[in-house]
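Novice: Structure provided below as structure tokens; questions to follow.
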Amino acid sequence: MITELKVSAIDNGTVIDHIPSKSVFTVIKILDLEEDENQILFGTNLESKKYGTKGIIKIKNRYFKEAEINKIALVAPIATIIVIKDYNVVEKKHVSIPDKVFKTIKCINPNCITNFENVAQQFDVIDKKDVILKCHYCEKITDKKNMVFI
């Protein structure tokens, strides 16, 4: 009887660990991983001693920029980013929600200037625990239930 699932290590790339199980597919979508041609392994509802269950995504030969890591933080604020080079962990860091979010989220106010003019979206994070954002221009509040990623 198999009691553990073993997944091979990646030689180069990124592992996103400790994703809340319900957020794995959201992370895949916001990072456009459906279109990525690199090898991608993911698991959801995996056993976690610390969180009960978790998700994980391994992407071969792909490294993420700060803006992409900020997107991850908005939907998976307990996630860990692990950078692998030549089978070795060269960097391991917890994501953190930034104080300001740029060009990531669409304002939910249809009358906001960002929705009809060529103005970059900008939000102030007013609550990091519950992930609540306020549009810099129209001051409309957006929470994680109604975020639309761009």
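Novice: Scan region 78-118 residue by residue and report those that are farther than 25 Å from Tyr137 by Cβ, under 16 Å from the mean Cα position of the chain (by Cα) and of a type outside the set (Val, Ile, Thr). Walk me through it before giving the result.
Specialist: Step one: filter region 78-118 for residues farther than 25 Å from Tyr137 by Cβ, giving 78-95.
From the residues that got through so far, the ones that are under 16 Å from the mean Cα position of the chain (by Cα) too are 78-83, 92-95.
Within region 78-118, Ala79, Lys92, Lys93, His94 meet the criteria.
Novice: Next question. Considering only residues that are over 25 Å from Gly52 (Cβ atoms) and open to solvent by less than 30 Å² (accessible area, probe 1.4 Å), look in region 1-33 and name the one that is modelled with the lowest pLDDT.
Specialist: Ile10
Novice: To continue, here is another question. For region 15-45, how many residues meet the condition of being closer than 13 Å to Ala76 by Cβ, part of a loop (DSSP other than H, G, I, E, B) and touching a Gly at 6+ places or on another chain (Cβ under 9 Å)?
Specialist: Matching residues across region 15-45 total 1.
Novice: Moving to a separate point now. For Asp36, are the conditions met, namely being more than 20 Å from Lys144 (Cβ to Cβ) and either touching a helix residue (DSSP H, G or I) at 6+ places or on another chain (Cβ under 7 Å) or at pLDDT below 95 (or both)?
Specialist: Details: more than 20 Å from Lys144 (Cβ to Cβ): yes; either touching a helix residue (DSSP H, G or I) at 6+ places or on another chain (Cβ under 7 Å) or at pLDDT below 95 (or both): yes.
Yes; evaluated as a whole, the condition is true for this residue.
Novice: Suppose we keep only residues that are free of Cβ contacts under 8 Å to residues at least 40 places away in the same chain and closer than 20 Å to Ile105 by Cα within region 36-85. Which one would you say is surrounded by the most Cβ atoms within 10 Å (Cβ to Cβ)?
Specialist: My answer is Ala73.
Novice: How many residues does region 4-53 hold that are more than 23 Å from Asn88 (Cα to Cα) and touching a Leu at 6+ places or on another chain (Cβ under 7 Å)?
Specialist: Result for region 4-53: 1.
Novice: Hey, another quick one. Would you call Ala9 out of contact with any helix residue (DSSP H, G or I) (no Cβ under 9 Å at 6 or more places or on another chain) and either part of a helix (DSSP H, G or I) or within 25 Å of Ile105 (Cα to Cα) (or both)?
Specialist: Values: out of contact with any helix residue (DSSP H, G or I) (no Cβ under 9 Å at 6 or more places or on another chain): yes; either part of a helix (DSSP H, G or I) or within 25 Å of Ile105 (Cα to Cα) (or both): no.
Here the answer is no, as Ala9 does not meet what is asked.
Novice: Any chance you could count how many residues in region 86-115 are in contact (Cβ under 8 Å) with a residue 24 or more places away in the chain, aliphatic (A, V, I, L, M) and touching a strand residue (DSSP E or B) at 6+ places or on another chain (Cβ under 8 Å)?
Specialist: Residues in region 86-115 being in contact (Cβ under 8 Å) with a residue 24 or more places away in the chain, aliphatic (A, V, I, L, M) and touching a strand residue (DSSP E or B) at 6+ places or on another chain (Cβ under 8 Å): 5 in total.
The values are calculated or read from the model by the stated rules, or taken from the named source; none is laboratory data. Keep in mind the model is a prediction, meaning the values are calculated, not measured. We place every Cβ from the backbone using ideal geometry, glycine too, and count neighbours over all the protein chains shown. Please note that ligands, DNA and RNA were not included when accessible areas were found on the heavy atoms of the full protein model with its side chains. Shrake-Rupley method; radii C 1.70, N 1.55, O 1.52, S 1.80 Å.
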